[in-house]
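Have a look at the structure below, then the notes.
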Amino acid sequence: MDNKTVRRLKAIVKDENVLTELEDRVCYSYDGTFKRGIPAVVVFPANTQEIVQIVKLANEEKIPIFPRGAGTGLSGGSIPQEGGIALVLTRMNKIKEISQEDLLAVVEPGVVVERFHQEVEKLGLFYPPDPASLKTCTMGGNVAENAGGPRAFKYGVTKDYVLGLEVVTPLGEVMRTGGRTVKNVTGYDLTRLLTGSEGTLGIITEITVRLLPKPKDKKTALVIFDTLMDAANTVKAIIYEGVIPATLEIMDKITINCVENHSKIGLPVDAEAILLIEVDGSKNQVQEDIAIIEKVCTANNCRKIEIASLPEDRERLWRARRAVSSAIVQLKPTKISEDATVPRSRIPEMVKRLRAIAEKYRIHLPVFGHAGDGNLHPNILTDKNDPEEMARVEQAVEEIFKAALDLGGTLSGEHGIGVMKKPFMEWELGEVGLDYLRRIKQAVDPNNILNPGKVF
Ligand SMILES: Cc1cc2nc3c(=O)[nH]c(=O)nc-3n(C[C@H](O)[C@H](O)[C@H](O)COP(=O)(O)OP(=O)(O)OC[C@H]3O[C@@H](n4cnc5c(N)ncnc54)[C@H](O)[C@@H]3O)c2cc1C
């Protein structure tokens, strides 16, 4: 990037909010995948008007912009592809309003999700989306990826809570979508279009989200199984009994062993699977649901159930699940996190197919994830410097996607397409569906400024 453009960027956001040194730029060249791409410059805007000016400048000079929150994405979405500007939204981190009356909040995109949870919970309110990365990831990143999390089973995902957005368009105009009402059918649903648009259709500068009253009670159960199929069948059976837990997470044997080795929580390393089940609601409802769950788990041959009611005991059980991502990289240095998702009823079949794929391609494939909503996280642990193994891994990844689609599922339940899954988009959307997406992108971003090389 030429010096004149850097000077113009510095004039917009002030010198200290532009990074040009290589060792600084490298810090913005990665996300949670193994992909890399170094931006030509890193810019930290403080407000919407600065972003407007940056986007106009980028259109004039035909420079790509790569929006970025905390860089925890698992599909390569924020990684710069062709130099360009890494536009980091973390300085825009104000919680502007929490309204108990309207049950909503208005936030800037750089607010970290855990902080937002804490602030709304202080007022007896509840924002359900809870990606496992919530200590770090941003509200803007969550909206751009339409993030989910363990509680999606009962409460849905980010798109179910976004009421309205302020967005800087790819041409540098400011647009508002939706508003402060739950009901809003004025025009096309641009809020939904932008939620999950992965930074390709606009830069999200303000988010209005719906809140719920905080559930009065919670219980968590850790259930141990001697076969993975018994655990998978239990998931089906719980739903069949009409219970919708807030979370229903599964971990297979490889995952259990990694977590235990990493965090010494006291998990049984000879178990084949664990379910972590949390129910919430009124005291009576929680009591009733947990009793049904105990009955169903016992009927499906569980070895042991541990039930925790106190926050500190529940937290201890959750530590096992939260440790997974860091724990499994003990196996191999490169982690490829997939989130192919199937209808709930097909989980046992998907688990069987994943096992067969792991055997066929001789790869480490721990399975864990949000079993309640069919969003398993088959993770391949490999070494990107081993070309022979990487060739097998690529074939395995293709087969995982084929299996998910074959069972009526989708390529991605929550991590998005980014660069990792774009070669497979046509399998799911078909030629016409993919072309429709492309035409939307071309119509709103004729210069292909925003996050080029992603999704398509
Ligand atoms: C350990 C771990 C656990 C995870 N668990 C979950 C999980 O349970 N559920 C889940 O859904 N995801 C999970 N993720 C993935 C990731 O945390 C989410 O996708 C999250 O939403 C990304 O937020 P971020 O702020 O890090 O965004 P980034 O990674 O910085 O960006 C993600 C995408 O959003 C775009 N973007 C960011 N901010 C904006 C903005 N303001 N305007 C427009 N576009 C923007 C970027 O261009 C990029 O395409 C996990 C990741 C890790 C590393």
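The values are calculated or read from the model by the stated rules, or taken from the named source; none is laboratory data. Computed from a predicted model, the values in this text were never measured in an experiment. For neighbour counting, all protein chains shown are included, and Cβ atoms are generated from backbone atoms with ideal geometry for every residue, glycine included.
Every residue, every condition in (1) free of Cβ contacts under 8 Å to residues at least 60 places away in the same chain; (2) crowded, with 17+ Cβ neighbours inside 10 Å; (3) farther than 16 Å from Gly140 by Cα, yes or no:
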| site | (1), (2), (3) |
| --- | --- |
| Val182 | yes, no, yes |
| Asp189 | yes, no, yes |
| Leu193 | no, no, no |
| Leu201 | no, yes, no |
| Ile204 | no, yes, no |
| Arg210 | no, yes, no |
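Per-residue answers, yes or no, for (1) within 28 Å of the chain's Cα centre (by Cα); (2) modelled with pLDDT of 95 or more; (3) assigned by TED's automatic domain parsing to the domain that holds Gly141; (4) not aliphatic (A, V, I, L, M):
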{"position": "Ile12", "(1), (2), (3), (4)": "no, yes, no, no"}
{"position": "Asp15", "(1), (2), (3), (4)": "no, yes, no, yes"}
{"position": "Glu21", "(1), (2), (3), (4)": "no, yes, no, yes"}
{"position": "Val26", "(1), (2), (3), (4)": "yes, yes, no, no"}
{"position": "Gly32", "(1), (2), (3), (4)": "yes, no, no, yes"}
{"position": "Val42", "(1), (2), (3), (4)": "yes, yes, no, no"}
{"position": "Leu57", "(1), (2), (3), (4)": "no, yes, no, no"}
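With a cut-off of at least 2 residues that are surrounded by 22 or more Cβ atoms within 10 Å (Cβ to Cβ) and touching a His at 6+ places or on another chain (Cβ under 8 Å), name the strands (runs of 3 or more DSSP E) lying wholly within the range 230-319. Give the steps one after another, and end with the answer.
Working: elements: 247-252, 273-281, 302-308.
It comes to 247-252.
Do we have Arg180 as of a type in the set (D, E, K, R), away from the ligand (no atom under 16 Å from the Cβ) and not assigned by TED's automatic domain parsing to the domain that holds Pro311 here? Lay out the reasoning, then the answer.
Working: of a type in the set (D, E, K, R): yes; away from the ligand (no atom under 16 Å from the Cβ): yes; not assigned by TED's automatic domain parsing to the domain that holds Pro311: yes.
So Arg180 passes the test.
Does Glu16 fit the bill of being among the charged types (D, E, K, R), within 18 Å of Leu89 (Cα to Cα) and part of a helix (DSSP H, G or I)? Walk me through how you get there before you give the answer.
Working: among the charged types (D, E, K, R): yes; within 18 Å of Leu89 (Cα to Cα): yes; part of a helix (DSSP H, G or I): yes.
Here the answer is yes, as Glu16 does meet what is asked.
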Seminar exercise, completed: Considering the range 131-158, residues that are modelled with pLDDT under 95 and touching a Pro at 6+ places or on another chain (Cβ under 6 Å), and then whichever is farthest from the ligand (Cβ to nearest atom), we arrive at Arg151
Seminar exercise, completed: Considering residues that are out of contact with any Pro (no Cβ under 9 Å at 6 or more places or on another chain) and either near the ligand (Cβ under 8 Å from one of its atoms) or in a loop (DSSP other than H, G, I, E, B) (or both), the number found within the range 113-130 is 4
For this session: May I ask you to list the residues in the range 207-226 that are within 21 Å of the chain's Cα centre (by Cα) and in a loop (DSSP other than H, G, I, E, B)?
Result: Leu211
For this session: From the list Ile357, Ile400, Ile440, pick out the single residue that is within 16 Å of the ligand (Cβ to nearest atom), in a helix (DSSP H, G or I) and among the β-branched types (Val, Ile, Thr).
Result: Ile440
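Go through the range 67-87 and give me each residue that's more than 6 Å from the ligand (Cβ to nearest atom), among the hydrophobic types (A, V, I, L, M, F, W, C) and under 19 Å from His415 (Cα atoms).
Filtering the range 67-87 down to residues more than 6 Å from the ligand (Cβ to nearest atom) leaves 75-76, 79-87.
Filter once more, keeping what is among the hydrophobic types (A, V, I, L, M, F, W, C): 79, 85-87.
The one that is more than 6 Å from the ligand (Cβ to nearest atom), among the hydrophobic types (A, V, I, L, M, F, W, C) and under 19 Å from His415 (Cα atoms): Ile79.
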Problem set entry | Of all residues making up the range 326-336, the number that are crowded, with 18+ Cβ neighbours inside 10 Å and near the ligand (Cβ under 10 Å from one of its atoms) | 1
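In the set Val419, Val324, Val393, Val329, which member is over 23 Å from Thr234 (Cβ atoms), touching a Phe, Trp or Tyr at 6+ places or on another chain (Cβ under 9 Å) and in contact (Cβ under 8 Å) with a residue 12 or more places away in the chain? Quick ask: steps written out before the conclusion?
Values: Val419 fails: touching a Phe, Trp or Tyr at 6+ places or on another chain (Cβ under 9 Å); Val324 fails: over 23 Å from Thr234 (Cβ atoms); Val329 fails: touching a Phe, Trp or Tyr at 6+ places or on another chain (Cβ under 9 Å).
The unique qualifying residue is Val393.
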Exercise. Among the residues of the range 45-63, is any of a type in the set (Ser, Thr, Tyr), closer than 26 Å to Glu414 by Cβ and surrounded by fewer than 24 Cβ atoms within 10 Å (Cβ to Cβ)?
Worked result: no
For this session: Being farther than 26 Å from Glu82 by Cα, in contact with a helix residue (DSSP H, G or I) (Cβ under 8 Å, 6 or more places away or on another chain) and assigned to a helix (DSSP H, G or I) is the filter; apply it to the range 403-432 and report the residue that is nearest to the ligand (Cβ to nearest atom).
Result: Ala404
